[in-house]
Amino acid sequence: MIAHKVFVTQILRTLGIFNGKKAFSAPETVQIILINNCNLNCVVCPIHSDHLKQKKELKWKQKKQDFETIKKVISELSEIGVKEILLNADGEPFLYNQLKKLIIHIKLKGLKCNIITNGTLLNKKKIEELQKLKLDRLIVSLWAGDAKTYSDIHPEQTGKTFTKIKECLLQLKELKRTNRIPQLSISNTIFNKNYENISQMIKFAEEIDSDYVEFRIAGLLHELRKFELSKHQKETILISLKKINKNKPTIKNNLQEFQKAISFSLNGSHRMDRGIPNKIPCYAGWYYSKIDVDGNVHPCINCNNPMGNIKNTSFKKIWHSKEYNKFRKLAKQKYKGSYFKNYLCNQHCCLYIKNLSIYKKLNPFKKQL
Ligand code: SF4
Ligand code: SF4
């Protein structure tokens, strides 16, 4: 029955994409931003880095998702056919003190639940709890494969933090011998302070038995551009990737895509997405939506152009609104014009891999990008 429902939703989503102006099904994934505050200040963080001239105000950092409102919305998302909730933060989601209650509610409603975290607030008890709660995926954003590199790029943290995260993930590895959830992903953002650490990052992911390890080039703006990879550093990465591929990593990864992005960026562009957003349509308006801490609904991760607010309108109404349909129609065009100036499509698109995979499925005979 569930498989049948998923199949029908998929067909309706595809029909919506062909229509180009409307959605006939709910989004597949809704990302919920729980809190703005973070306990770290990673050097290339676009929000919390100490290297940024314009700092966020305390008032902004103190914002968090209203629990009762988001609980109601999650029930609605389940009713309209959303498949998964991605809990995230413009900071660290484990700082949200109702996180456990929220995961329970999401799972009760039959939705998949994934979390992106920096891993620093994990401990033995929380790891056991996450497994009991049947969390589906834990994505740990680490950016280092050893304690030294970790402390170099996380001001105010020592190698002990890295060791503590590692111990928690090794504990998860043990627990997963009898129960394979949650799936574990290690996410690594690469820039000029950690580019020599890639093989250790893979080794680390293998050691903790992660299900997936991913790499991306840091998308750096303003003062953070001083952390961009130089030409020589990119060439060094390509040499090390060759060696890594020879040894055939045992873990699932996106190294091929990362290698392509590095080669592309050798021509002067620092983009992980290889300029793809302006070569193909964007389908985010059919499969994705984001709710920020204020309850604003956004059609894409980067966007700062709310389509409505869940505090005064139902999600369904916002999802099918004229404004959302306008986004769909314009995003489906290959060239992302002035409407998208706040979305940073032309600088950094976080959803291009998903967009590219849909594009390839819908255009099997077009030249590969
Ligand atoms: S953990 Fe994430 S949100 Fe926090 S400072 Fe680092 S990159 Fe920014
Ligand atoms: S950044 Fe642009 S291309 Fe990427 S998902 Fe957002 S709107 Fe679509």
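The values are calculated or read from the model by the stated rules, or taken from the named source; none is laboratory data. Note that the coordinates shown come from a computational prediction; the quantities given were computed from them, not determined experimentally. No Cβ is skipped: glycine too gets one built from the backbone with ideal geometry, and neighbour counts run over all protein chains shown.
Listed here are the residues, each with its yes/no results for (1) at positive phi; (2) polar (S, T, N, Q); (3) outside any helix (DSSP H, G or I).
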| residue | (1), (2), (3) |
| --- | --- |
| 174 | no, no, no |
| 179 | no, yes, yes |
| 184 | no, no, yes |
| 197 | no, yes, no |
| 200 | no, yes, no |
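Residues checked against (1) surrounded by 14 or more Cβ atoms within 10 Å (Cβ to Cβ); (2) closer than 28 Å to residue 327 by Cβ:
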| site | (1), (2) |
| --- | --- |
| 216 | yes, yes |
| 225 | no, no |
| 241 | yes, no |
| 249 | yes, no |
| 274 | yes, yes |
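Within the set of pairs 6 or more residues apart or between chains, which connect a residue that is farther than 17 Å from residue 94 by Cα and at pLDDT 95 or above inside the range 35-52 to a residue that is among the basic types (Lys, Arg) and not in a loop (DSSP other than H, G, I, E, B) with Cβ atoms less than 8 Å apart?
As it stands, the answer is 51/226, since those pairs meet every condition given.
Any chance the range 318-328 includes a residue that's in contact (Cβ under 8 Å) with a residue 24 or more places away in the chain, in a helix (DSSP H, G or I) and surrounded by fewer than 18 Cβ atoms within 10 Å (Cβ to Cβ)?
no
From the list 290, 322, exactly one residue is within 16 Å of ligand 1 (Cβ to nearest atom) and out of contact with any Leu (no Cβ under 7 Å at 6 or more places or on another chain). Which is it?
290
Considering each residue of the range 331-362, count those that are within 10 Å of ligand 2 (Cβ to nearest atom), surrounded by fewer than 16 Cβ atoms within 10 Å (Cβ to Cβ) and in a helix (DSSP H, G or I), and give that number.
So the count comes out to 1.
Do you know which residues across the range 326-360 are among the hydrophobic types (A, V, I, L, M, F, W, C), out of contact with any Phe, Trp or Tyr (no Cβ under 7 Å at 6 or more places or on another chain), more than 16 Å from ligand 1 (Cβ to nearest atom) and at pLDDT 80 or above?
Within the range 326-360, 327, 331, 340, 349, 353, 356 meet the criteria.
Under 7 Å between Cβ atoms, which residue pairs at least 6 apart in sequence (or on different chains) link something in the range 298-315 that is on the phi > 0 side of the Ramachandran plot and among the aromatic types (Phe, Trp, Tyr) with a partner that is in a loop (DSSP other than H, G, I, E, B) and more than 9 Å from ligand 2 (Cβ to nearest atom)?
Close Cβ pairs (under 7 Å, with a partner that is in a loop (DSSP other than H, G, I, E, B) and more than 9 Å from ligand 2 (Cβ to nearest atom)) do not exist here.
Which one of the conditions (1) part of a loop (DSSP other than H, G, I, E, B); (2) away from ligand 1 (no atom under 16 Å from the Cβ); (3) under 19 Å from the mean Cα position of the chain (by Cα) does residue 53 fail to meet, given that it meets all the rest?
(3)
Looking at the range 219-264, which of the residues that are part of a helix (DSSP H, G or I) and of a type in the set (Asp, Glu) is nearest to residue 208 (Cα to Cα)?
Ranking the candidates gives 257 first.
Would you point out the residue of the range 247-279, among those that are out of contact with any helix residue (DSSP H, G or I) (no Cβ under 9 Å at 6 or more places or on another chain) and under 22 Å from residue 203 (Cα atoms), that is modelled with the highest pLDDT?
252
When you check residue 20 against the structure, is it within 16 Å of ligand 2 (Cβ to nearest atom) and farther than 22 Å from residue 312 by Cβ, yes or no?
yes
Residues of the range 87-109 being surrounded by fewer than 22 Cβ atoms within 10 Å (Cβ to Cβ) and within 18 Å of residue 316 (Cα to Cα), which ones?
109
Out of all the residues in the range 348-360, is one or more touching a residue at least 40 places away in the same chain (Cβ under 8 Å) and over 22 Å from the mean Cα position of the chain (by Cα)?
No, the range 348-360 has no match at all.
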